[in-house]
Amino acid sequence: MRNTRALAAAGAAVAVLGLAAPTATAGGDHNQPRNIVALPSVIARGGQMTVTVDGCPQGGTMTSDAFRTTHLTPVRGANETSRGTATIKQDARPGAYDITVNCSGRRLTRPAAFTVIGGVRGGVGGSSSDGATSTDIAIGGGLVAAAVAGGGLFWLRRRSERRI
């Protein structure tokens with residue numbers, strides 16, 4: 001029984017190593033940008049987005065119609081990864097946008113890498129003034145007066161019940 005378990009474990013280890021070996025040797029050119037990731041993938045105008053690119057060890061630039069050209073800086077301790085932060089333009093139209101990365105003279109475009117959403121249309125509402133209006137003060141004063149009058153009547157009734 002022990003031999004069967006050992007043989008199964010060894011077979012599984014060989015299978016894992018066999019599948020990983022071609023991946024480790026593939027892609028002899030390490031300065032080829034790949035795997036562009038934009039976070040958050042849905043963002044409002046004026047928001048900041050972080051873009052991470054693998055295969056870009058010396059850094060580079062990233063561009064999009066939704067933000068200005070931004071530099072990518074190498075990430076220390078990460079294998080051939082660069083990162084940059086872009087601010088979405090205030091006048092960017094809602095919709096999906098591509099990101100084009102240029103690393104060591106090599107370009108890569110990720111179509112529909114992120115989506116810009118429009119701003120919230122909240123209306124004027126209660127945000128049109130800086131404090132209590134005269135109407136608010138009148139309503140609050142009326143409620144306080146009603147509470148005082150009701151409390152006074154309750155107190156007078158309780159007081160008269162004690163005398164009987």
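Each reported figure results from applying straightforward, stated rules to the coordinates on display, with no laboratory input. The shown structure was predicted, so the numbers you read here are calculated from the model rather than taken from an experiment. Virtual Cβ from ideal backbone geometry, glycine too; neighbours counted across all protein chains shown.
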Contour excess over end-to-end distance, with Cα ends at residue 109 and residue 134 and 0.36 nm allotted per residue: 3.2 nm
Quick one: if you stick a label point 7 Å off each Cα along the C-beta vector at residue 153 and residue 39, how many nm between them? 6.3 nm
How much FRET efficiency would the formula 1/(1 + (r/R0)^6) give for residue 58 and residue 117, where r is the Cβ-Cβ distance and R0 is 41 Å, rounded to 0.05? 0.75
Given 59-67, 141-149, 82-90, the highest-first ranking by average Cβ count within 10 Å works out to 59-67, 82-90, 141-149
